[in-house]
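Here's the structure we're looking at; comments come further down.
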Amino acid sequence: MLELAGIIILGILAQWVAWKFKIPAILPLILIGLLVGPIAAQFLSDDGSKWIEPIWNGEKGLFPGEGLYYFVSLAISIILFEGGLTLKRSEIKNVGPVITKLITIGSAITFFGAGAIAYFIFNLSWELSLLFSGLIIVTGPTVITPILRNIPLKKDISTVLKWEGILIDPIGALVAVLVFEFISVEGDSGFTKTALIEFGKIILFGTTFGFTFAHALAFAVNKKLIPHYLLNVVSLSTVLLVFVESEIFAHESGLLAVVVMGMVLGNSKLNNLKELLYFKESLSVLLISILFILLAANINIEDLMLLYTWKTALLFALVVFVIRPIAVFVSTQGSRLKFNEKLFISWVGPRGIVAAGIASLFGSKLLKQGVPGAEYITPLVFMIVLGTVLLNATTARLFAKLVGVFLTKSEGVLVIGACKVSRLISHYLVTNNRHVVLIDNNETNVEEAKALGLEAIVTNIYSDNLMDNLELSDVGYLMALTGNSDINKFAINKFGKQFGENGSFRLVSTEEMLDGSAAPKEGLFSYKDNFNSLTEVVRKYPSIQEIDLEDRAHYETLIDITNKDVDSIPLFIKDNEGEFHIISSNNLDVDTIEEGFQLVYLGKPIAVEALPPLDAGVVEE
């Protein structure tokens, strides 16, 4: 009982430490597992026993016999299902050919390259060498996300790394399963007809069970055949059912089945999908915490001593500093990515839960089968996992600065609210090469924004999910444009520090508009215009205008005219380099105005012939 409770407590503690210090959770989890496992047995226990013993002498411990294998299998199936739920076809289409090449050509280079290195350095059989290389193909999103979250990067870079990590997990798992099946079916006799039949069975039953049960569950949910309070537990039990049933018909096909099931459900019109995602995400966090501590604790000191050789360092160096860059540069050949961007993508390739979990499964099973060299699989993969996570977590930010991909000034814009006013302003900024993200809890507004080609997210402003969104890593401006002044003020207070380093602005409230002397410092555009007046102007004149400026006096003249004209509202100043400067309601942020600058405003065009001579100064009332 103490060990079971201790695993959960230590796992959640490690997750909190990772959040506090902004590092991947896998790092403290593995270190805790090694501490309570082989390190405790060697240095801290009087009788040489581990503080947490997953398996002891084959039949004792927390999971005697095949217990650990079954638990790890079921836990990984849930984790992979949750990952499959996050894969959207629409998002995959937008990431470009680079992602496709990385998960195909890049995976092939890693598979054969790392396999050859393991074969020649450790003298493993080709089958075991390729099993090792198949396991380290994956770059898990649960590891990459915390690293990228704390580094301001161009959207293209973070998107490539994020989607590579998500899409490559099931590919790596499938490759490892297939290679393992080759080894299990015919031992060292190679690629025989029997092994090929087994491959076919894995793919056939895995895809069939996943596809069929996904549609069955979606039908049951949408037809309200499942009560709301049972939705999460029924979906969980269905995932386990799919995994087990697929395993019965074709051994090792369960992982493929749950990934397919997750992908189909994630792309179907499923009611309560968001709620299902939140539940599975929380469950995955708990399972990952337990798994990494268990798997690390299950390693013996003898396994770690196998790595105490120069061969291990050479293997790690070649995989990380040679194979990964070759895979990235070949896959990105002909893309718009610059050399330094390719270099950074090459540097960031940490491995995660799928690699460690499946390595522990297959390593232990091959050991029981008596396969020569199988004792190397689990420790070698754990070495790659821990080494890449430690390397990337500690150096990614510094390396980004060294190669010049670190954004010293974030120019992206986060717009709170996706109403028609927000969509019009955002569309103008996007057409002028600014990265803009709109957020709204109204799905209709978000869909209309996406129909315009804008990047929009359905989310609740009061949730914490926005803080972890990689799509916002280059955001430095915050504009709150909702019709609720309390929400606008809340957005400024909560997100201003993280997303508004260059400026946080909100629309003035009705009370502030009526009291013109109280224009707030963060007030947006005009102190005489609130959400209602903006909406009315957009209804009558749904366009954004530009007018050339001559000097400061000319700018002030135009501002005075827009203040008098209820159908024209100033928005930005566009300088000679095409940069935008947001106009605040008190105009304190406007510095130099030079010839060639432009005033960007919303609404009715200002007639040039109606303007006073430039030397006439500001028009007086």
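Points to keep in mind about this one:
- Close amide H contacts of Gly503 (hydrogens built in the peptide plane, cut-off under 5 Å, sequence separation of 5 or more or a different chain): Leu478.
- Exposed-site-free run, longest, the chain (rule: trypsin sites (Lys or Arg not before Pro); DSSP loop; at most 14 other C-beta within 10 Å): 89-222
- Among the listed pairs Lys162/Lys223; Lys20/Lys494; Lys494/Lys540; Lys101/Lys162; Lys50/Lys365; Lys223/Lys450, a Cα-Cα separation exceeding 25 Å is found for Lys162/Lys223; Lys494/Lys540; Lys223/Lys450.
- The tail of the calculated P(r) for region 353-497, taken as Cα-Cα distances beyond 27 Å, holds 47 percent of the pairs.
- A Förster radius of 41 Å combined with the Cβ-Cβ distance from Ile105 to Glu443 puts the calculated FRET efficiency at roughly 0.65.
- Average accessible area per residue (Å²) across the chain - probe 1.4 Å, nucleic acids and ligands excluded: 44 Å²
- Binning all Cα-Cα separations of the chain at 20 Å, short to long from zero, yields these whole-percent fractions: 18, 45, 26, 10, 1.
- Pairs from Lys409/Lys604; Lys22/Lys155; Lys155/Lys521 whose Cα-Cα separation, in the structure shown, is over 22 Å: Lys409/Lys604; Lys155/Lys521
- Separation between Cα centres of region 146-160 and region 338-384, rounded to whole Å: 24 Å
- Accessible surface of the chain, 1.4 Å probe, proportion on carbon and sulfur as whole %: 60 percent
- Sites Trp16 and Glu302, calculated FRET efficiency, Cβ-Cβ separation with R0 41 Å, nearest 0.05: 0.80
- Check: the chain dipole with +1 on Lys, Arg Cβ and -1 on Asp, Glu Cβ, in debye: 1700 debye
- With the charge dipole of the chain set up from +1 on Lys and Arg Cβ and -1 on Asp and Glu Cβ about the Cα centre, the Cα lying farthest toward the positive end among the listed residues Ile32, Leu314, Phe495 is that of Leu314.
- Exposure rank, largest accessible area first [Thr309, Thr482; 1.4 Å]: Thr309, Thr482
- Note on Thr444: accessible area is roughly 80 Å² with a 1.4 Å probe, heavy atoms of protein only.
- Solvent exposure ordering (accessible area, 1.4 Å, most first) of Trp310, Trp347: Trp310, Trp347
- Across the protein chains, with a 1.4 Å probe defining accessible surface, the residues Met479, Met263, Met305, Met383 rank Met305, Met263, Met383, Met479 from largest area downward.
- Note on Leu241 and Tyr70: their simple-model spin labels are 1.9 nm apart, each label 7 Å out from Cα toward Cβ.
- Helix 254-266 and the longest principal axis of the C-alpha atoms of the chain enclose an angle of approximately 20°.
The values are calculated or read from the model by the stated rules, or taken from the named source; none is laboratory data. A quick note: this is a predicted structure, and the numbers were derived from the prediction, not measured. With ideal geometry, Cβ positions are generated from the backbone for all residues, glycine too; neighbour counts draw on all protein chains shown. These accessible areas exclude ligands, DNA and RNA; they are computed on the full protein's heavy atoms, side chains included. Shrake-Rupley method; radii C 1.70, N 1.55, O 1.52, S 1.80 Å.
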